[in-house]
Amino acid sequence: MHCPFCHNPDSRVVDTRIADDGASIRRRRECTACKKRFTTLETSSFQVVKRSGVVEPFSRNKVVAGVLRACQGRPVTDDQLAVLAQQVEEQLRSTGVSNVSSEEVGKAILPFLRELDEIAYLRFASVYRAFNSLEDFEAAIATLRGRAQEQAKPKRTRSKKRAREDAPTLLDD
Ligand SMILES: [Zn+2]
């Protein structure tokens with residue numbers, strides 16, 4: 001990057017700091033020509049595209065905010081939600097893409113929330129997947145029961161049945 005003062009293309013790094021809990025790196029640079037110092041910030045580009053088309057940086061806080069209502073009155077701690085948000089971010093980043101839709105964020109939340117609290121999961125899924133009948137709830141509960149039984153049983157081949165996951169709404173603002 002060019003020096004912001006004299007536009008000289010060369011600078012040397014005088015200090016490097018990890019910022020934002022490892023999410024970014026801040027470098028203090030000195031221009032080799034005019035000797036003035038400036039700071040650069042490096043982050044891995046990772047953005048969420050909302051349904052409105054607005055693009056914004058991925059935010060763990062928004063993930064937490066998105067599931068908070070579903071967790072109301074449930075024995076879920078702030079720490080657990082922070083871990084969930086981190087898991088969701090790691091999961092999404094591991095796909096290697098730099099943009100995800102808010103739908104994909106919601107979809108990534110579901111399995112982690114299911115592990116955390118089944119009631120919160122059902123609430124979140126009912127909004128996110130737009131449940132509109134009792135049958136939708138029954139199907140989701142049947143899936144949860146099935147999982148519980150599978151986990152209780154000694155190891156057998158697991159059916160990889162995944163419920164349809166679409167029609168998000170929760171994370172869209
Ligand atoms: Zn300069």
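Only the coordinates and a few stated rules stand behind these numbers; no lab work does. Nothing here was measured: the structure is a model prediction, and the numbers come from that model. With ideal geometry, Cβ positions are generated from the backbone for all residues, glycine too; neighbour counts draw on all protein chains shown.
Descriptive notes on the structure:
- Antiparallel DSSP beta bridges within the range 1-134, as percent of all bridges there, nearest 5: 85
- Peptides 124-136, 86-98 ranked from most to least packed give 124-136, 86-98, packing being the mean of other C-beta atoms within 10 angstrom over each peptide's residues.
- From phi via Karplus (6.51, -1.76, 1.60), per-residue ³J(HN,Hα) for the range 113-119 in Hz, x at Gly/Pro: 5, 4, 5, 7, 7, 5, 5
- Ordering 139, 101, 149 by the projection of their Cα atoms onto the charge dipole of the range 72-156, which places +1 on the Cβ of Lys and Arg and -1 on the Cβ of Asp and Glu, puts 149 at the extreme positive end.
- Relative contact order of the range 77-152, defined on C-alpha pairs under 8 angstrom at six or more residues apart (%): 22
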